[in-house]
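The values are calculated or read from the model by the stated rules, or taken from the named source; none is laboratory data. Because the structure is predicted, anything quoted here is derived from the model rather than measured. Cβ: placed from backbone, ideal geometry, glycine included. Neighbour counts: every protein chain shown.
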Amino acid sequence: MALIKDQPISCLTDWMAFDSKLSILSEQESTSIESKSRLAQNEIETQVTSFLLRQSGLSESASRQLLDKVVVTEPLSRWHSLLTLSLFYVDVASMQNSALHREQAKYYEAKAKEASDQLFEVGVGVVYQPIAKAPVPLVVISAGSNPSRFLRGRIRLVDIDGAVGTLSEEFLVDMTSGETAELSVDSLPPRVLGWILFLGESSESLRESIISPVPAGTARSITPDMPNPAAPLVRKSAQSPDRFIRYTTELWR
């Protein structure tokens, strides 16, 4: 699971699971659903911080710091998706003066409220030692005589306990003229041992290519045998909650 601060809580694929016509409608309207997603995320972070302040017994400053440890569970993702849709249809209804879109806005607003109630009933998941989303590594391409290849890659961070963080954004490695490629990350957060690498010819075929954590400032080459077609495919999941903060108590995992 990603941390709430890692990236947008949900994305277009999630929104379209609730409303399949969304991409077409968004293209037709001047309003941007991505901007509504950002507004929804800000609202959710504010409400979650307020909840943590009331339920965790911590100070306001500590509650805000605890937000950095919140992971995106399924109820949290669903809340964000539905709130994003609600804000989007409010805007569309306002521009078109459409009764249909007003009804859709009300529907998604009610469903978003249900999702938020469920989240706080089940509990806000937090981790003890959060691992930040991995940055995109520095890719240095040099002349060489390797086989022609064009690869996609992502990395993730590994901490001293062996836990892994959210995958980095995808990056491209162009070695179509036989070049060599080296990857490195200049600095890493505290407790992080290093990064591991996943490579593939497509986004769906990324496989483990470097499994021993590479320390900060150390360059690693992409060798001709990477990725091994027998290596495991990348897992999208990351840290799971260590505890759940609920309305009146904490449920320990």
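Before moving on, here are some points about what is shown:
Let's see how each residue does on (1) surrounded by fewer than 12 Cβ atoms within 10 Å (Cβ to Cβ); (2) touching a helix residue (DSSP H, G or I) at 6+ places or on another chain (Cβ under 6 Å); (3) part of a loop (DSSP other than H, G, I, E, B); (4) not aromatic (Phe, Trp, Tyr):
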residue	(1), (2), (3), (4)
Ile210	no, no, no, yes
Pro213	no, no, no, yes
Thr218	no, no, yes, yes
Asn228	yes, no, yes, yes
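- Flag for Arg102 being closer than 30 Å to Lys133 by Cα, of a type in the set (D, E, K, R) and either at pLDDT below 95 or in contact with a Phe, Trp or Tyr (Cβ under 7 Å, 6 or more places away or on another chain) (or both): no
- Scanning segment 59-77 for residues that are under 21 Å from Ala110 (Cα atoms), free of Cβ contacts under 8 Å to residues at least 40 places away in the same chain and either buried (at least 18 other Cβ atoms within 10 Å of the Cβ) or of a type in the set (A, V, I, L, M, F, W, C) (or both) returns no hits.
- The residues listed here are Ser177, Ser187, Ser168; of these, the one that is surrounded by 14 or more Cβ atoms within 10 Å (Cβ to Cβ), free of Cβ contacts under 8 Å to residues at least 40 places away in the same chain and either assigned to a loop (DSSP other than H, G, I, E, B) or in contact with a Cys (Cβ under 7 Å, 6 or more places away or on another chain) (or both) is Ser168.
- Hits in segment 87-125 (condition: under 30 Å from Asp242 (Cβ atoms), among the β-branched types (Val, Ile, Thr) and in a helix (DSSP H, G or I)): Val122
- Of the residues making up segment 137-156, those that are surrounded by 15 or more Cβ atoms within 10 Å (Cβ to Cβ) and either among the hydrophobic types (A, V, I, L, M, F, W, C) or not in a loop (DSSP other than H, G, I, E, B) (or both) are Val139, Arg149, Leu151, Arg152, Gly153, Arg154, Ile155, Arg156.
- Residue, farthest from Val139 (Cα to Cα), within segment 204-225, restricted to residues that are in contact with a strand residue (DSSP E or B) (Cβ under 6 Å, 6 or more places away or on another chain) and among the small types (Gly, Ala, Ser): Ser209
- Pairs with Cβ under 6 Å, 6+ apart, first in segment 212-237 and not assigned by TED's automatic domain parsing to the domain that holds Val72, second of a type in the set (Lys, Arg) and surrounded by 13 or more Cβ atoms within 10 Å (Cβ to Cβ): Val214/Arg220; Pro227/Arg207; Ala231/Arg207; Leu233/Arg207
- Of the residues Thr49, Thr13, the single one that is assigned to a helix (DSSP H, G or I) and in contact with a Leu (Cβ under 9 Å, 6 or more places away or on another chain) is Thr49.
- Whether a residue is of a type outside the set (A, V, I, L, M) and more than 23 Å from Ala238 (Cα to Cα) was assessed, and Ser94 passes this test.
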